[in-house]
Amino acid sequence: MQNAAHGYVECFVDYLEAEKHASRYTVRNYKIDLIGNKQRGTEKGFIPYLKQHNIHSFEEVNKPVMRAYLGYLIDRRTAKASIARKLSAIRSFYRFLAREHIIEHNPLELVVSPKLERHLPEFLTHDEINALLSIPDCTTKLGQRDGAILELFYAAGMRVSELAGLNLHQIDLGSREIRVIGKGSKERLVIIGTPAELALQKYLRLARPMLNSQSSGQAVFLNYKGGRLTERWVQILILKYARAAGISKKVHPHLLRHTFATHLLDGGADLRVVQDLLGHANLSTTQIYTHITQKQARRVYLASHPMAQIKDNENGRIESA
């Protein structure tokens, strides 16, 4: 089964890339979920599990097998989010197998994913974001580049892959609009404010020509050799500037995206507008930010409104209602 299974996985990967336009991270993770990765510790891949338990074809997989696999993952302290992703990968793989008539039934239809705990995403306060934006030395070419990157993350709520993959023809500074290529190659327009426009304009006029090389092509953000700045390097830059700004939180590009969304909703933006600006396919994904803003509103109310406080006449304490 092993060789044939790996062949089916390669076909599945081609399908994800060519027809589903899945991101390279989704493709990479799904492939690892199916065939495993011993470099990451205990083998947790689905196909190696089947081999270990003498299951020789995908048709032999049924609900008890899937229950046993879930138990196997839980016994190895696999995080619930990882288990849910593995089930998503296997479900998608089995839909592909059914579509290609490799199997006659899909045993995953009756398997329920584990319920995930929803953690509210962190975000930066206004003081923290202002401190972060003030750190790059905009008298240098790299400082101008980095300042434009930080301003753009906060102004547009872009994903790191979207920013790193940004090309010159996608930017219209006249209308302050950027055409972003998001997940699944979906396009959306994002709008930037004056600070981001000025920072980007300065970088493109002064710094980028100095960084430009034969390998630059249409890439907006370049490294010191003139090549396209990688996502990993952008993550390192963000963390470096956050530490320099004295921010104790672990700051990464997605946290800046959370900050963008939270500050928009705090400012009264409509939820569906924020959904469009973020490029979320489902409104429920955007709604998690409303929990953050409600929590913030409660904290401000309890700290500020006189009727939100109760005076304890016996001991003279002021307590929140």
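The values are calculated or read from the model by the stated rules, or taken from the named source; none is laboratory data. Predicted model, so just to flag it, every value in this text is computed and none were measured. Cβ sites come from the backbone with ideal geometry, for glycine too, and all protein chains shown count toward neighbours. Just so you know, the surface numbers come from the protein's heavy atoms only, side chains and all, with ligands and any DNA or RNA stripped out. Shrake-Rupley method; radii C 1.70, N 1.55, O 1.52, S 1.80 Å.
Checking each residue in the range 12-38 for being farther than 22 Å from SER82 by Cα and surrounded by 15 or more Cβ atoms within 10 Å (Cβ to Cβ) picks out only TYR15. Here ALA199 passes the criteria (1) touching a Cys at 6+ places or on another chain (Cβ under 8 Å); (2) exposed (fewer than 15 other Cβ atoms within 10 Å of the Cβ) except the one numbered (2). In the range 204-266, counting only helices (runs of 4 or more DSSP H) that sit wholly within it, the ones holding 3 or more residues that are within 30 Å of SER284 (Cβ to Cβ) span 231-244, 253-266.
Taking the conditions (1) modelled with pLDDT of 80 or more; (2) open to solvent by 90 Å² or more (accessible area, probe 1.4 Å); (3) of a type in the set (D, E, K, R) in turn, ARG85 satisfies each one other than (2).
Name the single residue that is modelled with the highest pLDDT among those in the range 272-307 being aliphatic (A, V, I, L, M) and farther than 17 Å from VAL190 by Cβ.
LEU283
Looking only at the range 196-215, count how many residues are closer than 20 Å to LEU264 by Cβ and without any contact (Cβ under 8 Å) to a residue 60 or more places away in the chain.
Adding up the residues that qualify gives 3.
If you filter the range 229-264 down to residues that are at pLDDT 95 or above, surrounded by 16 or more Cβ atoms within 10 Å (Cβ to Cβ) and small (Gly, Ala, Ser), you find that the one that is nearest to GLY165 (Cα to Cα) is ALA242. Selection over the range 54-66 of residues that are exposed (fewer than 13 other Cβ atoms within 10 Å of the Cβ) and either without any contact (Cβ under 8 Å) to a residue 40 or more places away in the chain or β-branched (Val, Ile, Thr) (or both) gives a count of 2. Against the numbered list (1) small (Gly, Ala, Ser); (2) part of a loop (DSSP other than H, G, I, E, B); (3) more than 19 Å from HIS126 (Cβ to Cβ), ALA269 comes up short only at (3). One residue alone among GLY226, GLY267 is over 15 Å from LEU166 (Cβ atoms), open to solvent by less than 10 Å² (accessible area, probe 1.4 Å) and free of Cβ contacts under 8 Å to residues at least 24 places away in the same chain, and that residue is GLY226.
Would you check which residues across the range 74-110 are among the acidic types (Asp, Glu) and without any contact (Cβ under 8 Å) to a residue 12 or more places away in the chain and list them? Of everything in the range 74-110, those that are among the acidic types (Asp, Glu) and without any contact (Cβ under 8 Å) to a residue 12 or more places away in the chain turn out to be ASP75, GLU109. One residue alone among GLY174, GLY193 is farther than 21 Å from LEU133 by Cβ and surrounded by fewer than 21 Cβ atoms within 10 Å (Cβ to Cβ), and that residue is GLY174. Among the residues of the range 114-142, the ones that are touching a helix residue (DSSP H, G or I) at 6+ places or on another chain (Cβ under 8 Å), modelled with pLDDT of 95 or more and surrounded by 15 or more Cβ atoms within 10 Å (Cβ to Cβ) come to 7 in all.
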